[in-house]
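Quick notes on the structure that follows.
None of the figures in this text is laboratory data; all of them are computed from the coordinates on show. Bear in mind the structure is a predicted one, so any value in this text is a computation, not a measurement. Counting neighbours? That spans all protein chains shown, and the Cβs are built from the backbone with ideal geometry, glycine included.
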Amino acid sequence: MRALVMFYGVACYTFFFAVFVYLIAFIGDIFVPKTISSGETVDFATALIINLSLILLWGVQHTVMARAGFKEAIKHIIPHHTERSTYVLLSSVVLVILMYFWQPMSQQIWQVTDATGVAVLWGIFGAGWLLVLLSTFLTDHFDLFGLRHTWLHFVQRDYTSVPFTERFFYKSIRHPMMLGLLIAFWATPSMDMGHLVFSVGMSIYIVVGIYFEERGLTSTLGDDYHEYRKRTARVIPKIF
């Protein structure tokens with residue numbers, strides 16, 4: 001049974017990583033058959049309603065399942081050692097649904113044609129995703145995506161929370177992962193209406209998600225996190 005739990009954790013993580021890589025290509029409009037701007041177009045109102053519904057689905061699932069109250073409510077159904085992997089799995093499934101059913105909206109907002117400008121924007125786009133990935137390792141990548149939970153169960157050790165640390169980006173900003181996502185969503189040489197709706201919707205989700213996450217961290221960590229908030233910026237580094 002413990003081996004099966006470990007396999008479940010690895011399978012969920014592998015599926016997530018494949019979806020994550022596809023998401024980069026989906027937003028960047030590169031390499032993959034279904035991207036943010038590809039596919040047959042429908043009328044503007046229908047596309048807008050579908051796309052906003054997909055963003056709302058992602059936001060609700062991602063926010064509700066991350067809350068302590070929800071975790072407490074399902075602990076008799078989904079044990080702690082598989083709860084995080086299940087969250088990662090369902091979040092990945094919702095992302096697949098979002099990308100599969102996303103409706104292109106071809107109205108152009110901006111188009112950078114200068115070769116240097118295009119190269120700079122692609123570089124910023126890549127840097128945003130790199131910041132996201134690095135930020136996960138600055139906390140605990142394998143805990144964040146459930147593998148540590150299933151591994152500790154496999155070796156029959158009790159789960160212990162990852163200690164609060166301030167490393168590298170986290171010394172100046174509290175949410176470098178979210179900063180990386182914002183950069184990746186907006187740094188594009190070609191912004192059409194569909195990409196704009198995605199970027200705006202996901203940016204709003206990030207603001208809401210940060211609010212709930214900080215409430216939870218303040219409740220869990222108490223004065224340590226309260227003092228940390230005083231000396232750091234939320235997303236954009238302070239410039240003195």
| Tell me, how many Å apart are the Cα centres for the stretch 1-44 and for the stretch 151-201? | 16
| query | So which lysines pass the test for residue 238, namely a Cα distance under 19 Å, with those fewer than 8 places away in the same chain ruled out? | reply | 171, 230
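Looking at the stretch 163-240, which GluC sites (Glu not before Pro) are DSSP coil and have at most 14 other C-beta atoms within 10 Å of their C-beta? Let's see the in-between values first.
Details: sites: 166, 213, 214, 227; in loops: 166.
When the GluC sites (Glu not before Pro) of the stretch 163-240 are filtered for loop state and at most 14 Cβ neighbours within 10 Å, 166 remain.
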| task | Springs between alpha-carbon atoms under 10 Å, Gaussian network over the chain: tell me which of 120, 155, 132 tops the mean-square fluctuations. | result | 155
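Please get the size of the charge dipole for the stretch 3-92, origin at its Cα centre, with Cβ charges of +1 on Lys and Arg and -1 on Asp and Glu, quoted in debye to the nearest 20. Working shown, then result.
Numbers: 5 positive and 5 negative charges, 78 e Å.
With Lys and Arg at +1 and Asp and Glu at -1, about 380 debye.
Which of the GluC sites (Glu not before Pro) found in the stretch 19-106 are in a DSSP loop and have at most 16 neighbouring Cβ atoms, other than their own, within 10 Å?
Values: sites: 40, 72, 83; in loops: 40.
The qualifying sites are 40.
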| query | aspartates and glutamates near residue 71 by alpha-carbon distance under 13 Å, same-chain residues fewer than 8 away left out - which ones? | reply | 83
| query | How high is the FRET efficiency between residue 213 and residue 171 when r is their beta carbon distance and R₀ equals 25 Å, given to the nearest 0.05? | reply | 0.85
| field | Computed magnitude of the charge dipole of the stretch 187-240 (debye, nearest 20; Cβ of K, R +1, Cβ of D, E -1) | value | 200
| message | From the P(r) of the chain, could you give the percentage of C-alpha pairs in the tail past 30 Å? | response | 32
| Sorting 157, 148 on the 10 Å Cβ count, fewest up front, what's the list? | 157, 148
